[in-house]
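Take a look at the structure set out below.
What follows draws every value from the coordinates through simple rules; no lab data is involved. This one's a predicted model, so the numbers in the text were calculated from it and none came from an experiment. Cβ: placed from backbone, ideal geometry, glycine included. Neighbour counts: every protein chain shown.
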Ligand code: AMP
Ligand code: ZN
């Protein structure tokens, strides 16, 4: 998607430091953190939101959650919240599906 900011970050057209990446997803720090640790986990595939997921995306979304678990361990986070905002009314600003990993620990 040419007008999608997260597609541009993934394509390295906008500079951003990935703290994790693999063939299916990337993770980077939220530019406007709402917690001491605030990461975004973003699939490389452009899916507008959880509401736009298909059956074929189940493994991908499971991979995203499992990656959050690994990042939690890697960063020694004893606790954290995982959050999807789905739709404008719920506060979704970027319409490329992403999971917030937020923790009061760092
Ligand atoms: P949401 O409200 O769920 O759509 O979350 C979008 C998040 O993306 C917000 O928390 C923003 O602070 C964050 N964000 C927007 N642009 C960037 C960027 N260039 N780099 C890192 N985070 C960003
Ligand atoms: Zn996108």
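Residue 8 fulfils the conditions (1) over 19 Å from residue 87 (Cα atoms); (2) in a strand (DSSP E or B); (3) within 16 Å of ligand 2 (Cβ to nearest atom) except for a single criterion, (2). The residues of segment 78-97 that are within 14 Å of residue 33 (Cβ to Cβ) and either within 11 Å of ligand 1 (Cβ to nearest atom) or outside any strand (DSSP E or B) (or both), listed by number, are 80, 83. Restricting attention to segment 19-38, the residues that are part of a loop (DSSP other than H, G, I, E, B) and under 9 Å from residue 102 (Cα atoms) add up to 4. Quick test for you: out of 48, 27, 68, 35, pick the one residue that is out of contact with any strand residue (DSSP E or B) (no Cβ under 8 Å at 6 or more places or on another chain) and surrounded by 11 or more Cβ atoms within 10 Å (Cβ to Cβ). Going through 48, 27, 68, 35 in turn, just one is out of contact with any strand residue (DSSP E or B) (no Cβ under 8 Å at 6 or more places or on another chain) and surrounded by 11 or more Cβ atoms within 10 Å (Cβ to Cβ): 48. Look at (1) under 11 Å from the mean Cα position of the chain (by Cα); (2) outside any helix (DSSP H, G or I) and you find that residue 67 fails only one, number (2).
Considering (1) within 16 Å of ligand 2 (Cβ to nearest atom); (2) free of Cβ contacts under 8 Å to residues at least 40 places away in the same chain; (3) more than 27 Å from residue 105 (Cβ to Cβ), the lone condition that residue 49 does not fulfil carries the number (2).
Being under 22 Å from residue 4 (Cβ atoms) and more than 16 Å from ligand 2 (Cβ to nearest atom), is that true of even one residue in segment 97-106? Yes: segment 97-106 contains one or more residues that are under 22 Å from residue 4 (Cβ atoms) and more than 16 Å from ligand 2 (Cβ to nearest atom).
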